[in-house]
Amino acid sequence: MKALLAAYYRLGHLVRELMKFGVVGTVALVVDVGLFNVFLHATEKPLTSKTISTVAATTVAYIGNRYWTFRRRSRSSVRREYTLFFLLNGIGLLIALACLAFSHYVLDLTGRVADNVAANVVGLGLGTAFRFWSYRRWVFPDLLPETSAHPPEPVSADPLPPS
């Protein structure tokens, strides 16, 4: 029973982190798409617009994940964390691009729907799973000692000490 309770507390913590990660990712996606379209409309420069929107969205995601999603985890310097965070986001992007390239050029699925499914469903899903795992492993690694996933000690049913 004790092992089951410990597993419940560990899984509960993982599920809460995963849900927060999803909320932060959604906010970052809105920032990315919104800024991209604002800058594209203002400048007519798609690559510059995407670069600015991606850096802004990555920064928003980093702040949200550092101070909310993974707030109970160990911290290192902001420079180290942000550099790793940005690098791992790049790897997540490469995963999505690889899925798109495989679908488009190897499987010869060249329609808009196929490209969107490959890049924004399969690629984004695999990239997101990689980012969640890698952030927990390298950017915000282990739990701080005072917030470990061990269940609290059971409280005695008898509120008064024996006399």
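So how compact is the range 1-91: Cα radius of gyration and Dmax in angstrom?
Cα radius of gyration and Dmax of the range 1-91 are 16.9, 62 Å respectively.
Suppose all protein chains stay in the model; what accessible area per residue would a 1.4 Å probe give for the range 1-140, in Å²? Mind showing how you got there, number by number?
Numbers: 8940 Å² over 140 residues.
Solvent-accessible surface per residue comes out at 64 Å².
Springs between alpha-carbon atoms under 10 Å, Gaussian network over the chain: tell me which of F36, F85, F70 tops the mean-square fluctuations.
Highest fluctuation of the listed residues: F36.
Out of the total accessible area of the chain (probe 1.4 Å, heavy atoms of protein only), what percent is carbon and sulfur?
Heavy-atom surface of the chain belonging to carbon and sulfur, 1.4 Å probe: 71 percent.
How large is Rg over Rh for the chain, taking Rg from the Cα atoms and Rh as the Kirkwood inverse mean of 1/r across Cα pairs? It would help to have the intermediate numbers written out before the result.
Numbers: Rg = 21.0 Å, Rh = 18.4 Å.
On the Cα set of the chain, Rg over Rh gives 1.14.
The values are calculated or read from the model by the stated rules, or taken from the named source; none is laboratory data. If you're wondering where the values come from, they're calculated on a predicted model, not measured in any experiment. Surface accessibility is based on the protein's heavy atoms, side chains included, excluding ligands, DNA and RNA. Shrake-Rupley method; radii C 1.70, N 1.55, O 1.52, S 1.80 Å.
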